[in-house]
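Trainee: Below: one structure in structure tokens.
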Amino acid sequence: MVKCVVWDLDGTLWRGTLAEGDEVRPFERARELVEELDRRGILQSIASKNDYDQAWAALERFGLAEYFVLPQIGWGPKSASVRAIADGLTFDVGTMAFVDDRPTERAEVAYHLPRVRCYDAVEDLPRLAELPEFSPVQVTADSARRRSMYQAGFRRTSAQERFAGSDEDFLRTLDLRMEIQRAGESDLARVEELTLRTSQMNATGVHYSLGTLRELIADPRHEVLMATLEDRFGPHGAIGILLLERHRQVWRLKLLATSCRVVSLGAGATIINWLIDQAARAGVHLLADFRSTPRNRMMEVAYRFSGFTAEVCDCADTVPGARSPEGLVCLHLVPERQRLLDGAVSVSAPDLAQPLAGRA
């Protein structure tokens, strides 16, 4: 799926050339597409060779400026602009799309960034919304407000850059509130979307379909948990999922995935520490599935930093498949009681240490 569309301006988003003194006007089909992609949760930005102040003033005049994040308006190569946008969003360039009416500009981007998908503003624009890479199966509540969440994130980053104290002190000013809850039917689309969109902080890289998630929720041995986060700048939405298989002597974490947007806020560490604390209270060992991918090195570091090792003890014998998971490494931990990031994040969560009726 495309996660961000980067637009050219002259001849693409609007009719005319701003630098030549034309009275530019947005193409109606482009305006409609911008609004539709925003509704679907696809971020959008600008890569344009123009004077920044003039171009941004025009976008504001047309009521379009609010739709674009990290705009790159200047005179440098557009491949550099697309790269800067991807880096600013921490997106893989393979999730970026570029729309321009000029073949030379598309060729320049394609040459330097061959994994970026390039589209002709004249020929491709009318059918862009129908292409599968721009068509998520479901549009969730988080999808529809994804742009506003990213914009809040930029304000948060700006506030941190101005903050004179340490990173830990800044986190305490955010009033971070995490809620971990058992996912229900109404949450499944958000959970599935997280398994699709997270790559850097995804322990196995596995996508769980809606049907599989429904089966896991119905299975009394499994927990499907979703984490949401908010702070004084606004909600972050759904930022993490845990798929946990519970046995009498050991819990197996089959998937942990957290959004890369909240890595710097310690969200992943908070979730892991909470789970370790729950397991310690329940008196069980923890196993965690991990599959190395080109993108998830940070996830392995997070597990190792939390104390997980590859030395699995006899507890794995009680879990079918834990000794030889296909394509996976099964990490092990004997848990101890935890403190949650020195109080920087308040956590509301179910008590997994209390056995539920009917669970082995």
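The values are calculated or read from the model by the stated rules, or taken from the named source; none is laboratory data. None of these values were measured; they are calculated from a predicted model. For neighbour counting, all protein chains shown are included, and Cβ atoms are generated from backbone atoms with ideal geometry for every residue, glycine included. Side chains included, ligands, DNA and RNA excluded: accessible areas come from the protein's heavy atoms. Shrake-Rupley method; radii C 1.70, N 1.55, O 1.52, S 1.80 Å.
Trainee: Can you name the condition, by its number, that Pro126 falls short on among (1) farther than 20 Å from Glu66 by Cα; (2) modelled with pLDDT under 90; (3) open to solvent by 20 Å² or more (accessible area, probe 1.4 Å); (4) touching a Lys or Arg at 6+ places or on another chain (Cβ under 7 Å)?
Mentor: Unmet for Pro126, out of (1) farther than 20 Å from Glu66 by Cα; (2) modelled with pLDDT under 90; (3) open to solvent by 20 Å² or more (accessible area, probe 1.4 Å); (4) touching a Lys or Arg at 6+ places or on another chain (Cβ under 7 Å): (2).
Trainee: Hey, Val93 hits all of (1) at positive phi; (2) surrounded by 14 or more Cβ atoms within 10 Å (Cβ to Cβ) but one; which does it fall short on?
Mentor: (1)
Trainee: I'd like to check something: does segment 235-247 contain any residue that is open to solvent by 10 Å² or more (accessible area, probe 1.4 Å), over 12 Å from the mean Cα position of the chain (by Cα) and within 19 Å of Ala189 (Cα to Cα)?
Mentor: yes
Trainee: Now, a different point. Helices (runs of 4 or more DSSP H) wholly in segment 161-233 with at least 2 residues that are open to solvent by 50 Å² or more (accessible area, probe 1.4 Å) and either closer than 19 Å to Met149 by Cβ or in contact (Cβ under 8 Å) with a residue 60 or more places away in the chain (or both) - which ones?
Mentor: In segment 161-233, the matching helices (runs of 4 or more DSSP H) lie at 167-173, 188-197.
Trainee: Restricting segment 149-160 to residues that are out of contact with any helix residue (DSSP H, G or I) (no Cβ under 8 Å at 6 or more places or on another chain) and open to solvent by 60 Å² or more (accessible area, probe 1.4 Å), which is nearest to Leu265 (Cα to Cα)?
Mentor: Thr157
Trainee: Now for a different question. Give the residues of segment 104-143 that are small (Gly, Ala, Ser) and either touching a residue at least 60 places away in the same chain (Cβ under 8 Å) or in a loop (DSSP other than H, G, I, E, B) (or both), sorted by residue number.
Mentor: Ala121, Ala129, Ser135, Ala141, Ser143
Trainee: Let me ask something else about it. Taking segment 50-70 as the search range and keeping residues that are open to solvent by less than 40 Å² (accessible area, probe 1.4 Å) and under 20 Å from the mean Cα position of the chain (by Cα), which one is nearest to Glu20 (Cα to Cα)?
Mentor: Looking at the filtered set, the residue picked out is Phe68.
Trainee: Continuing with the same structure: Count, please, the residues in segment 1-48 that happen to be among the charged types (D, E, K, R), open to solvent by 30 Å² or more (accessible area, probe 1.4 Å) and either assigned to a strand (DSSP E or B) or free of Cβ contacts under 8 Å to residues at least 60 places away in the same chain (or both).
Mentor: So the count comes out to 9.
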